[in-house]
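Q: Take this structure first; my questions come after.
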Amino acid sequence: MKRILMMFYVVLGLAMFSCGNGCGRKSCEQASEGKCGGASCFGATAGQLAGITKAVEYYIDGGRKGDSRITRQAFAQTATMSWCENGVLKSVPIRTLYDIVDASGPATVFYEMTSCSVADDVAVVRIESNFGEAKYSDMFTLVKDGDDWKILSKVYHKKP
């Protein structure tokens with residue numbers, strides 16, 4: 001099981017850097033347009049990017065309002081959240097995030113989508129975010145579920 005998880009994280013890490021065209025950091029507005037300096041850099045259609053951005057926005061908006069009912073709309077029912085704590089891998093059902101959102105209450109939130117790679121009905125997205133004073137690097141894997149995109153996994157690093 002540990003080998004499978006490690007392979008998942010290696011593949012996830014490699015996918016995060018697959019844009020490969022030197023676009024650098026993009027604002028949410030540029031990401032939703034699939035543009036970086038006016039050029040397409042995500043390998044996705046406008047419809048795919050709109051759906052992916054919608055899922056990320058549910059995550060962000062839930063944090064802004066401190067309301068997991070909003071956050072929940074971003075995630076698949078079987079989603080997980082993972083991170084490393086004191087050198088130990090932690091992985092929990094996404095319900096843990098919902099509890100944190102509700103307990104934290106409303107917050108000032110800012111985010112920037114820094115990379116996105118799409119292959120038909122799957123995507124990997126990285127965002128840099130601030131929830132109040134806390135700063136994070138989040139990496140999401142998303143899958144198209146019917147007409148909607150859902151986050152299947154959230155892997156994050158809390159910055160010092």
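The values are calculated or read from the model by the stated rules, or taken from the named source; none is laboratory data. Fair warning: this is a prediction, and the values are worked out from it, not measured in the lab. Side chains included, ligands, DNA and RNA excluded: accessible areas come from the protein's heavy atoms. Shrake-Rupley method; radii C 1.70, N 1.55, O 1.52, S 1.80 Å.
Q: Accessible area of the stretch 83-137 with a 1.4 Å probe: how many percent of it is carbon plus sulfur? List each step's numbers first, then the result.
A: Details: 1560 of 2940 Å².
Carbon with sulfur: 53 percent of the solvent-accessible area.
Q: Would you mind working out the accessible area per residue for the stretch 72-160, using a 1.4 Å probe, and quoting it in Å²? All intermediate terms of the calculation are to be shown ahead of the outcome.
A: Values: 4770 Å² over 89 residues.
Each residue of the stretch 72-160 exposes 54 Å² on average to a 1.4 Å probe.
Q: May I pose another question? Using Cα pairs closer than 8 Å and at least 6 residues apart in sequence, work out the relative contact order for the stretch 40-89, in percent.
A: Values: 26 pairs, mean separation 12.6, N = 50.
Value for the stretch 40-89: 25 percent.
Q: Checking the a/c ratio against 1.5 first, then a/b against b/c, what shape does the Cα gyration tensor give for the stretch 45-121?
A: In terms of gyration-tensor shape, oblate.
Q: Just how far, in whole angstrom, is the stretch 86-160 from the stretch 44-58 if you go by their alpha carbon centroids?
A: Centre-to-centre (Cα) distance: 14 Å.
Q: Let me ask another. If you take the square roots of the eigenvalues of the alpha-carbon gyration tensor of the stretch 68-160 and sort them as a ≥ b ≥ c, do you get rounded (a/c under 1.5), prolate (a/b over b/c) or oblate?
A: Values: a/c = 1.41, a/b = 1.31, b/c = 1.07.
Rounded, because the longest to shortest axis ratio a/c is under 1.5.
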